[in-house]
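The values are calculated or read from the model by the stated rules, or taken from the named source; none is laboratory data. Bear in mind the structure is a predicted one, so any value in this text is a computation, not a measurement. Glycine gets a Cβ as well: all are built from the backbone with ideal geometry, and neighbour counts include every protein chain shown.
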Amino acid sequence: MNSSDETDFTRSDDPFALFQQWLAEAQETEINDPEAMTLATVDSDGLPDARMVLCKQADREGLVFFTNIESVKGRELGAAARAAALFHWKSLRRQARFRGAVAMLDEAAADAYFRTRARESRIGAWASLQSRPLESRGRLEERFADYSRQFGEGEIPRPGYWRGYRLAPEQIEFWRNGAFRLHDRVRFVRAGETWRRERLYP
C-alpha cells in the first residue's frame, strides 16, 4: 500500500466501510485470528475487565460475538450492557476501537451459529462451567468425556446459557502507526443517523 493510500483513511466518511477494508487487509496479513478483539467490560464496582474474543460478524449494525452468559463477561454485560472492543493488527501496525451499547441476540441467531461450530467445540460448551473455579485439568477432561458419551453420535443442542451479543458502536476510532510516534488517529462519533469525524492528536 502506498503512502497516499495510507493517508486516505483519515478522510473517510464511512467508518463501517473503512473497518471492512482494514479487516479484509488484516485477513491477508495476520498469522492468527484477524477477527480477534479485546472485549472490555466493567464489574459492579466499576473495575474494568478485558479478554480476547472472536468477532463472528461485523456490519453496519455492529460487532457480533458469542459467549456463555453465566461467565464473568456475561454477568457484567447483563448488569451494564455497554462495552468496548479493540482490534490490534500488529502486521499492519493498525488498530480499531469500538465503544457502545451491547444487546443479546435472539435464540435463533445463537442456534444458527452454534450449529456451525466444530463438534468438539459444541461439546466443550457443555463441559466448561466458564469462569468458575476448576479443581484440576483432569476434571475438565472428565466432563468433556462425560458429555461426549452422553451425546454419542447424535445432535448436540445449544446450551441455554450459550448466547450471542451485538455491540452497536457509538464511537469508532482508527489508529495507524507513524514514524517518531506521530501516529494517525481518526474518531467517528455517532450523530443520529450520521457520523461526525474528527482527527485526534496521537
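Taking residue 11, is it under 21 Å from residue 172 (Cβ atoms) and either outside the structural domain of residue 189 (by TED's automatic domain parsing) or without any contact (Cβ under 8 Å) to a residue 24 or more places away in the chain (or both)?
So residue 11 passes the test.
Among the listed residues 163, 139, which satisfies the condition of being assigned to a strand (DSSP E or B) and more than 30 Å from residue 175 (Cβ to Cβ)? If you could, list the steps in order and put the result at the bottom.
On the way: 139 fails: assigned to a strand (DSSP E or B).
Residue meeting the stated conditions: 163.
When both residues are 6+ apart or on different chains and their Cβ atoms are under 8 Å apart, which pairs have a first residue that lies in region 14-42 and is assigned by TED's automatic domain parsing to the domain that holds residue 87, and a second that is hydroxyl-bearing (Ser, Thr, Tyr) and surrounded by 16 or more Cβ atoms within 10 Å (Cβ to Cβ)?
18/12
Any residue that is surrounded by fewer than 18 Cβ atoms within 10 Å (Cβ to Cβ), touching a residue at least 12 places away in the same chain (Cβ under 8 Å), among the aromatic types (Phe, Trp, Tyr) and closer than 23 Å to residue 68 by Cβ - is there at least one of those in region 161-175?
yes
Taking only pairs six or more apart or across chains, which ones have beta-carbon atoms under 9 Å, a first residue in region 177-191 that is farther than 16 Å from residue 8 by Cα and surrounded by fewer than 17 Cβ atoms within 10 Å (Cβ to Cβ), and a second residue that is among the polar types (S, T, N, Q) and at pLDDT 95 or above?
The qualifying pairs are 189/171; 190/171.
Of the residues 75, 139, which is at negative phi, at pLDDT 95 or above and either outside the structural domain of residue 183 (by TED's automatic domain parsing) or out of contact with any Ser or Thr (no Cβ under 9 Å at 6 or more places or on another chain) (or both)?
Just one listed residue meets the conditions, 139.
Would you point out the residue of region 72-115, among those that are aliphatic (A, V, I, L, M) and in a helix (DSSP H, G or I), that is surrounded by the most Cβ atoms within 10 Å (Cβ to Cβ)?
77
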